[in-house]
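Colleague: One structure, pasted below without further comment.
The values are calculated or read from the model by the stated rules, or taken from the named source; none is laboratory data. In this text the structure is predicted, and so the values were computed from the model without any measurement. Backbone-built Cβ (ideal geometry, glycine too); neighbour counts: all protein chains shown. Accessible surface is based on the protein model in full, side chains and every heavy atom, while ligands, DNA and RNA are left aside. Shrake-Rupley method; radii C 1.70, N 1.55, O 1.52, S 1.80 Å.
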Amino acid sequence: MGEDGLVTWSLRPARLADVEPIVELRAVAMRPDLERLGRYDEHRVRQRLRDAFVPGHTWVVMVDDALAGCVAVRPAEDGHWLEHFYLDVRIHGRGVGSAVLRTVLRRTDADGVPVRLNVLQGSPAQRLYARHGFTVEAQDPVDVLMVREPGAGVLRRGDAAPRAASSSERVADASTSASASASAVSRGAAS
């Protein structure tokens, strides 16, 4: 725990060797929602991440020097896609998800384009995304497509003041700038 009572965390660029630990993290994190929807398949939940994993678009969330989550931001023609945002269930409810999301959204806001994501129907993650400015764009019985315009969810005059960034958030912010620059280079090369 940091001095401010929050979990100390950081982000680092993902490596190809991270895929299997992230695959297992995804399987555990998604299992309750997938089972509730009657869609859990042990092989498929793992293979879908293996097939979509792109280290250049992915950051690993580290807590106590151990892999504790991941998040990916994939460039698209009409903005960015926030994908593969999973956290170890042992750190849920401790502020890490909000802190990571704030860090990622500061970067996408700088690009001035919308961010989209899919979340499973009934997932508690939908409330997290709504608190950060995402709104429902479309849905079906399984998925909810959400979108966030640049700057949405930013506090306005009269709203509660944001708390100061913890030292771990400042470190994470600094550690992701190299990855964000590399991602921008790879987007340019892919065009």
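Colleague: Once phi is turned into ³J(HN,Hα) by the Karplus curve 6.51 cos²θ - 1.76 cosθ + 1.60 with θ = phi - 60°, what whole-Hz value does each residue of region 104-118 show in order, with x for glycine and proline?
Modeller: Couplings: 5, 5, 4, 5, 5, 4, 5, 7, x, 10, x, 10, 10, 7, 10 Hz.
Colleague: Under the rule of at least 5 residues apart or a separate chain, name every residue whose amide H is placed under 5 Å from the amide H of residue 40.
Modeller: Here the answer is 35, since their amide H atoms fall under 5 Å of that of residue 40.
Colleague: Still on this model: Does region 14-82 classify as rounded, prolate or oblate by the C-alpha gyration tensor (a ≥ b ≥ c root eigenvalues; a/c under 1.5 gives rounded; else a/b over b/c gives prolate, otherwise oblate)? List each step's numbers first, then the result.
Modeller: Values: a/c = 1.81, a/b = 1.21, b/c = 1.50.
Oblate, because a/c is 1.5 or more while a/b does not exceed b/c.
Colleague: Tell me, what HN-Hα J-couplings in whole Hz come from the Karplus equation 6.51 cos²θ - 1.76 cosθ + 1.60 at θ = phi - 60° for each residue of region 47-63, using x for Gly and Pro?
Modeller: Here the 3J(HN,Hα) series is 5, 4, 6, 4, 5, 9, 5, 10, x, x, 10, 10, 10, 9, 8, 10, 10 Hz.
Colleague: When the Kirkwood radius is taken over all Cα pairs of region 1-140, what Stokes-Einstein diffusion coefficient follows at 37 °C and 0.692 mPa s, in µm²/s?
Modeller: This corresponds to a translational diffusion coefficient of 209 µm²/s.
Colleague: So how do 85, 134 rank on accessible area, 1.4 Å probe, biggest first, that is with the largest at the start?
Modeller: Working: 85 35, 134 10 Å².
Ranked list, largest accessible area first: 85, 134.
Colleague: Sorted by mean Cβ packing within 10 Å, highest first, what order do the peptides 113-121, 31-39, 17-25 take?
Modeller: Details: 113-121: 18.8, 31-39: 13.7, 17-25: 16.2.
Top of the packing list down: 113-121, 17-25, 31-39.
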